[in-house]
Amino acid sequence: MFASPRIVPFVIAAVVVLVGCGTPRPTAPHACVAPNQAELMIRWGTQDDSTGVLEQFSMNTKGEIFRYAGPIANRADGEYLHFVDGTTYCSMAKLTMNSFLKVQALNTPARKQRFIDYRNTRTDVYLRAVWNPDLQTFQSRDMRELYDELMKLATQD
């Protein structure tokens, strides 16, 4: 017999803890992030002006994704959900920038609105697209597709 029966529960508990903890959160921006983009933040979500409620997701250059749900006035990064790997982050950051370059301007506010923000405080760049989620207009097509891709990142486990 290689282990006493009293040790087996401790070994099983240790394995569960190690597997459950998973990979630690990243401590530095992903490799594709240039020094002048280190403070880049991509945000997306839904804002309801009639109720004053916001559901927002944020992704920083480490690929960490946060969720905030609550009053618009108290907007914050919110609770940490998970992070995405470097390849995924880099492709989504590039897709986001390309979508903003293609669309250039999208501001169709409504009582309930969806939005995507691309904000880099280091270079003083702030881009925002806003559209009515109840309408599927030609102008909002690219941003709606980007929003769906970003939501896939936010909801993955």
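The values are calculated or read from the model by the stated rules, or taken from the named source; none is laboratory data. On a predicted model such as this, the values are computed, not experimentally measured, just so you know. No Cβ is skipped: glycine too gets one built from the backbone with ideal geometry, and neighbour counts run over all protein chains shown.
When the range 38-56 is examined, which residues are found to be out of contact with any strand residue (DSSP E or B) (no Cβ under 6 Å at 6 or more places or on another chain) and under 16 Å from Cys90 (Cβ atoms)?
Ala38
Tally up the residues in the range 126-150 that are of a type outside the set (Asp, Glu), surrounded by 14 or more Cβ atoms within 10 Å (Cβ to Cβ) and within 18 Å of the chain's Cα centre (by Cα), please.
Residues that pass the stated criteria total 9.
Sort through Gly20, Gly70 and tell me the only one that's at pLDDT below 95, part of a strand (DSSP E or B) and not hydrophobic (A, V, I, L, M, F, W, C).
Step by step, each of Gly20, Gly70 is checked, and only Gly70 is at pLDDT below 95, part of a strand (DSSP E or B) and not hydrophobic (A, V, I, L, M, F, W, C).
What's the total number of residues in the range 44-59 that are in contact (Cβ under 8 Å) with a residue 24 or more places away in the chain, of a type outside the set (D, E, K, R) and surrounded by fewer than 20 Cβ atoms within 10 Å (Cβ to Cβ)?
Residues meeting the conditions: 2.
Name, by its number, the condition in (1) in contact (Cβ under 8 Å) with a residue 12 or more places away in the chain; (2) aliphatic (A, V, I, L, M); (3) part of a helix (DSSP H, G or I) that does not hold for Leu101.
It is condition (1) that Leu101 fails.
With Thr46, Thr123, Thr87, Thr51 as the choices, which residue is of a type in the set (S, T, N, Q) and either in a helix (DSSP H, G or I) or touching a Phe, Trp or Tyr at 6+ places or on another chain (Cβ under 6 Å) (or both)?
Checking each option against the conditions leaves just Thr87.
Could you list, in sequence order, all residues of the range 60-89 that are of a type outside the set (A, V, I, L, M, F, W, C) and loosely packed, with under 13 Cβ neighbours inside 10 Å?
Pro71, Asn74, Glu79, Tyr80, Asp85, Thr87
Given (1) loosely packed, with under 15 Cβ neighbours inside 10 Å; (2) closer than 28 Å to Pro26 by Cα; (3) not β-branched (Val, Ile, Thr), where does Phe115 come up short, assuming only one miss?
The one condition Phe115 does not meet is (1).
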